[in-house]
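Here's the structure, in structure tokens; my notes come after.
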Amino acid sequence: MPRYKADIAGGALKVYESRLVADLLLNEVSASDWRKAIEIDNVLQKKSPGTARRQASLIRARLVTMTPDLWRLVRDGSKPVATQAVFAAALAHSPLLRDFLTLEVRDHFRSGNLTLTRSHWRSYLDACRERDSQMPVWTTSTADKLGDTAFQILLEIGMLSDGGRPVLQPVYYQPEVLAELNSGGFSEILRAMQAFI
């Protein structure tokens, strides 16, 4: 089974939608109530039931890697808290994203080369293929789309500056997010989140 999959293709962090999905998980809704909320009531406010189903499925797959206490941070926390909690879940769900921070982004911080470009993403994918012979061969457009999503996530979390020439920068993480990840034993996720250390 391949380690690296296109598991971030469905979009960036989607904090608003993640709050709604976290609420459904915390309320332990049945499969039929889940379907009703997502496809009929359209709580995620998507244009089609298919889009709503795909996004809800991706968000749930991310969140179930974490604890109910972290779901509460997603649902009830401030915007920074919820964003950082969703980021942790996205890293837990996607080795492709997690290794990008742990290997590529950390290397940039250590070397002081804080510019991150699409060519860095492409060379990272080449290195992934060397580590994982079962990794799918993606078209250039798919590879670039995955890179765009990864960069968008770094922008949302504040690790990539917003501007004409974005650069990497450290992130201040909220104490309650760090406390939950520490108590839950998510050391690998914390390491990726703190690529700048």
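The values are calculated or read from the model by the stated rules, or taken from the named source; none is laboratory data. None of the values given here were measured: they were computed from a predicted structure. When we count neighbours, we look across all protein chains shown, and the Cβ atoms used for this are built from the backbone with ideal geometry, even at glycine. We work out accessible area using only protein heavy atoms, side chains counted, and drop any ligands, DNA or RNA first. Shrake-Rupley method; radii C 1.70, N 1.55, O 1.52, S 1.80 Å.
Please report the relative contact order for the chain, taking Cα pairs under 8 Å with a sequence separation of at least 6, and give it as a percent rounded to a whole number.
That works out to 29 percent.
Given R₀ = 41 Å, FRET efficiency for Asp33-Ile197 by Cβ-Cβ distance, to 0.05? Please report the intermediate quantities before stating the final value.
Values: r = 42 Å, r/R0 = 1.03.
Using R0 = 41 Å, I get an efficiency of 0.45.
Under the rule of -39500 (n - 2.57) per DSSP H run of 4 or more residues, summed and divided by the residues of the chain, what mean residue ellipticity at 222 nm is obtained, to the nearest 500 deg cm²/dmol? Working shown, then result.
Working: 11 runs with 115 residues, N = 197.
When only DSSP H runs of four or more count, the value is -17500 deg cm²/dmol.
Taking only the Cα atoms of the stretch 82-128, how large is their convex hull per residue, in Å³? Walk me through the numbers on the way to the answer.
Working: hull volume 3.9 nm³, N = 47.
Each residue corresponds to 82 Å³ of Cα convex hull volume.
Please give the solvent-accessible surface of His108 in Å², to the nearest 10, using a probe radius of 1.4 Å with every protein chain present.
Per-residue accessible area (His108): approximately 10 Å².
Just want the answer: with Cβ charges of +1 for Lys and Arg and -1 for Asp and Glu, which residue in Ile157, Ala52, Pro95 is farthest toward the dipole's positive end in the chain?
Ala52
Within the stretch 1-62, report the GluC sites (Glu not before Pro) that DSSP leaves as loop and that have at most 15 other Cβ atoms within 10 Å.
Within the stretch 1-62, the qualifying GluC sites (Glu not before Pro) (loop, at most 15 other Cβ atoms within 10 Å) are Glu28.
One-quarter of the Cα convex hull surface for the stretch 49-197, in nm²?
Values: hull surface 39.7 nm².
Mean projected area for the stretch 49-197: 9.9 nm², to one decimal.
Cβ under 11 Å from Ser183's Cβ, Ser183 left aside: what net charge do those residues give with Lys, Arg +1 and Asp, Glu -1? If you can, show how the numbers build up before the last one.
On the way: positive: none; negative: Asp69, Glu176, Glu180.
Cβ neighbours under 11 Å give a net charge of -3.
Relative to the Cα centre, what is the charge dipole magnitude of the stretch 45-197, using +1 at the beta carbon of each Lys and Arg, -1 at the beta carbon of each Asp and Glu, and rounding to the nearest 20 debye?
Values: 19 positive and 15 negative charges, 107 e Å.
For this selection, approximately 520 debye.
Would you mind giving the three semi-axes, in whole Å and largest first, of the ellipsoid equivalent to the stretch 36-102 according to its Cα gyration tensor? Write down the numbers at each step before the final one.
Details: eigenvalues 105, 49, 20 Å².
The three semi-axes for the stretch 36-102 are 23, 16, 10 Å.
Mind checking the full-extension length gain between Ser187 and Ser133? Use 0.36 nm per residue of separation minus the Cα-Cα distance, one decimal, nm. Let's see the in-between values first.
Values: separation 54, 0.36 × 54 = 19.44 nm, distance 2.64 nm.
Full-extension gain reported as 16.8 nm.
State the Cα centre-to-centre distance between the stretch 177-196 and the stretch 11-78 in whole Å.
A separation of 23 Å, based on Cα centres.
Which value in Å is the Kirkwood Rh of the stretch 1-72 over different Cα pairs?
Numbers: mean 1/r = 0.0785 Å⁻¹.
Across the stretch 1-72, the inverse of the average 1/r is 12.7 Å.
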